[in-house]
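Right, one structure below, let's go through it.
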Amino acid sequence: MNFLFNLINGISLGSVYAIIALGYTMVYGIAKMLNFAHGDVIMVGAYVSFCATSYLGVSPFLSVGMAIVICAVLGVAIERLAYKPLRSASSLAVLITAIGVSYFLQNAALLIWGSNPKNFSSIVGNASIKLFGGQLSIPVITIVTVVTCIVVMAALTIFTSKSKLGTAMRAVSEDKGAAQLMGINVNTTISLTFAIGSGLAAVAGVLLCSAYPVMTPTLGAMPGIKAFTAAVFGGIGSIPGAMIGGILLGIIENFSKAYIDTQLSDAIVFLVLIVVLLIKPDGLMGKKQSEKV
Amino acid sequence: MANMLEVTSLGISFGGLRAVDELNLSIPKGALVGLIGPNGAGKTTVFNMLTGVYRPTDGGIRLDGENIIGKTPHEISKMGIARTFQNIRLFPGMTVLDNVKVGLHNQMPYTLAESVFHLGSYRKKERGMDARALEILSVFGLEEAAAYRASNLPYGRQRKLEIARALATNPKLLLLDEPAAGMNPQETGELMETIQLVRQRFGVTILLIEHDMKLVSGICEYLYVLNFGRLLAEGTPGEVLHNPDVVVAYLGE
C-alpha cells in the first residue's frame, strides 16, 4: 500500500514537472533557447494566485485564471524585451540573459512580497479521498494535478498537430527563415509560444504550491531546474518527451525519498539524468541527430 | 502590358563589397524569365532582396505597382512573391501535406477564437485547407505521398514539393532558385514540363535562376545575365547565348 501511495505521489509531482517542462521544451523547440527564467515565472504565478485570493478575495479558480493571464503577458514581455534583441546573437549571450532575467524576477518578488515565507492555501482545500477501507488516503490536489497534466498534454498535442497556428509553430521550429518566406509571422509565433509556456508555468505554480504550501521568492528555482532536467531527459524539443521525462523524474524522486534517503533524492535524480544521457544522448524521445556524410 | 516586377537601380553592399549594383529588371505579367550568370555573380542575393531577406542599400522594387522595399519577408509573401531555395529548405520533419499547408497559412484566415474553441466553422475551413493542399499536390503527382515525411522523399520530388509549397502561398511572382541543381538530364526534362504546367495552371509569373543552359534556353522567353553584381546582357536566349561578352564571362577569353 505504501508503494502505491509513493507511486501516486510521484506521478503527481512528476505531473507538475511535466507541465513546467512543456514550457521549456516548446520555447527550446521554437526559439532554440533555454529560458532559465521559466522557473521564476512559476513563482510569479503562485504569488499572483495567492494575492488574488488573500487580498482581493477572488475565488481560487478565478485566481488561477488571473495567474495564467498575467504570466502569459509576463512571458511575452520577457521575450520582447530581453530575448528578441538577441535573436541573432550567440546562444551563450541569450543563456546569460535568461539567467539575468531569472535573478531579476526573484529579486523583484523579494521587493514586492518580502522574504518572509507565505502560506499558500490549496485551491481545492485539504480534502483527501480514502481508498481500500482507509488504508490509502490520496489528497484531492494530487488527483487534480494528474488530471490537469493529462488534459494540458492532450490539448497541446492536438493544438500543435492539427491547428493552423500549431502548424506554423512546427514550421518555425524546423526552419525559421523558410517559414517566414512562406508568409508566417515569426515574431507572433514566438510570442504565442512564450505565452502558452508561461501560462502553463502559472498553472504549475499553483499546483505546486497547493501541494507544498510554503512560498518564497526562490520557490521556482529548484522545480525549474528539475523540469529542465525532465525536458532533457525526455528529449528536449519533444512534447511527449517532456511529459514522460517529467513523470519519470517525479517517480524517481519520490521513491528515492521514500526508500533511500530524503537528502540524497536530488542527487539520485541528477545521477539518473547523467546515466540516461550517457546511454541515449538525445533523451528518451529526442530526435536522433544523425549526420549525412 | 503592365509589368509584374519592376526593379530599378537596385544595389546592395556588404561592408565594402558591392554585391549587386545598378540592376534593372522589367518582368511582364505572365512571363517566364531567367536570371543567369557565373557563380558568385549575385543572383541569389537578388532573390534575397526581392523576398525581403536582405534590405537593398539603394534602388527600388515594385511588385505589380506596389513598393516592397522595407517590408518583412512574411509581408512580402502575403503580397505575392514566393520562392524556392538553391539548397532545398523544406520542413523535413513535417509531412508532405503539412509542408503545403504551411504555405496555405495566410489564405485560410480564421480567428484565434475559432482555433482555440474549435468551432464548426473552424473544422470546415480546416477541411477546405486539406482539400486545397491535396489539389496542389496532385498537380505535381505527389498526392499519394501526402502522409510521408518530407525528408523521406527522393531528391527530385523534394524539389517538386518545394515548388508546390511556394505555390500554396498563391503568389503572383514565383522565384525558383536553381530548380534543376543536382538533377540528372531526365529529371531536368521532367522539371521543364512541370514549370510549363505550373505557369499554365496557376497563371503565375516566373523568374528563375539556373545554370543548366538546356533548361534556360528551352523554356525562358527572356534572359538577364549577371556578372560581378552588374547586368552584363539581356535579351532572348538566342541573342544572349551568342553574345560575345556572355561567352567570355562563362568560359574566359
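What follows draws every value from the coordinates through simple rules; no lab data is involved. Treat the numbers as computed from the prediction; the structure is a model and nothing was measured. Note that each Cβ is placed from the backbone with ideal geometry, even for glycine, and that neighbours are counted across all protein chains shown.
About its Cα centre, the dipole of segment A:119-269 is roughly 320 debye, where the only charges are +1 on Lys and Arg Cβ and -1 on Asp and Glu Cβ. Of the residues A:140, B:100, the one with the fewest other Cβ atoms within 10 Å heads the list, and the complete ranking is A:140, B:100. The phi torsions of segment B:245-252, fed into the Karplus equation with coefficients 6.51, -1.76 and 1.60 and a -60° offset, translate into couplings of 4, 5, 4, 4, 4, 7, 10, x Hz, rounded to whole numbers, with Gly and Pro shown as x. Inverting the pair-averaged 1/r between distinct Cα atoms of chain B gives 19.1 Å as its Kirkwood hydrodynamic radius. Taken over segment A:2-279, the percentage of Cα pairs per 5 Å bin, counting from 0 up to the bin with the maximum distance, is 1, 6, 12, 17, 19, 17, 13, 8, 4, 2, 1, 0, 0.
Along the axis of the charge dipole computed for the protein assembly as shown (Cβ charges of +1 for Lys and Arg, -1 for Asp and Glu, origin at the Cα centre), the listed residues A:158, A:259, B:218 are led at the positive end by A:259. Look at the stretch A:155-165: the mean tally of other chain Cβ atoms within 10 Å of its residues' Cβ atoms is 3. Of all DSSP bridge pairs formed entirely within the protein assembly as shown, close to 65 percent run antiparallel. Comparing A:147, A:275, A:186 in a Gaussian network model of chain A where C-alpha atoms under 10 Å apart are linked, the largest mean-square fluctuation is found at A:275. Per the Debye calculation on the protein assembly as shown with a single equal scatterer at every Cα and no solvent contribution, log₁₀ I(q)/I(0) for q = 0.06, 0.07, 0.09, 0.13 Å⁻¹ amounts to -0.38, -0.50, -0.76, -1.22.
Counting only DSSP beta bridges with both residues in chain B, tell me the antiparallel percent, nearest 5. Taking every DSSP beta bridge with both residues in chain B, the antiparallel ones total about 55 percent. Exposure proxy ranking for B:123, B:230, based on other Cβ atoms within 10 angstrom of each Cβ and starting from the fewest, stands as B:123, B:230. Placing +1 on the Cβ of every Lys and Arg and -1 on the Cβ of every Asp and Glu, with nothing else charged, gives the protein assembly as shown a dipole about its Cα centre of roughly 1340 debye. Farthest toward the positive end of the dipole of chain B, out of B:36, B:164, B:184, is the Cα of B:164, where the dipole comes from beta carbon charges about the Cα centre. Between B:154, B:179, B:56, which gets the highest mean-square fluctuation from a Gaussian network model of chain B, Cα cutoff 10 Å? For chain B, modelled as a Gaussian network with Cα springs under 10 Å, the answer is B:154. Take each residue in A:183-192, count the other chain C-beta atoms within 10 Å of its C-beta, and the mean is 4. Ordering A:228, A:132, A:255, B:140 from the fewest to the most neighbouring beta carbons within 10 Å gives A:132, A:255, B:140, A:228. Taking θ as phi - 60° and the Karplus parameters 6.51, -1.76 and 1.60, the scalar couplings of segment B:161-168 work out to 4, 4, 5, 4, 5, 5, 5, 4 Hz in sequence order, x denoting glycine and proline. In units of the compact-protein estimate 2.2 N^0.38 Å, segment A:11-67 shows a Cα radius of gyration of 1.34.
Positive-end ranking of A:3, A:212, A:140 along the dipole of chain A, with charges on Cβ about the Cα centre, is headed by A:140. Once both labels are positioned 7 Å from their Cα atoms along Cα-to-Cβ, the gap between residue A:128 and residue A:110 label points is 3.6 nm.
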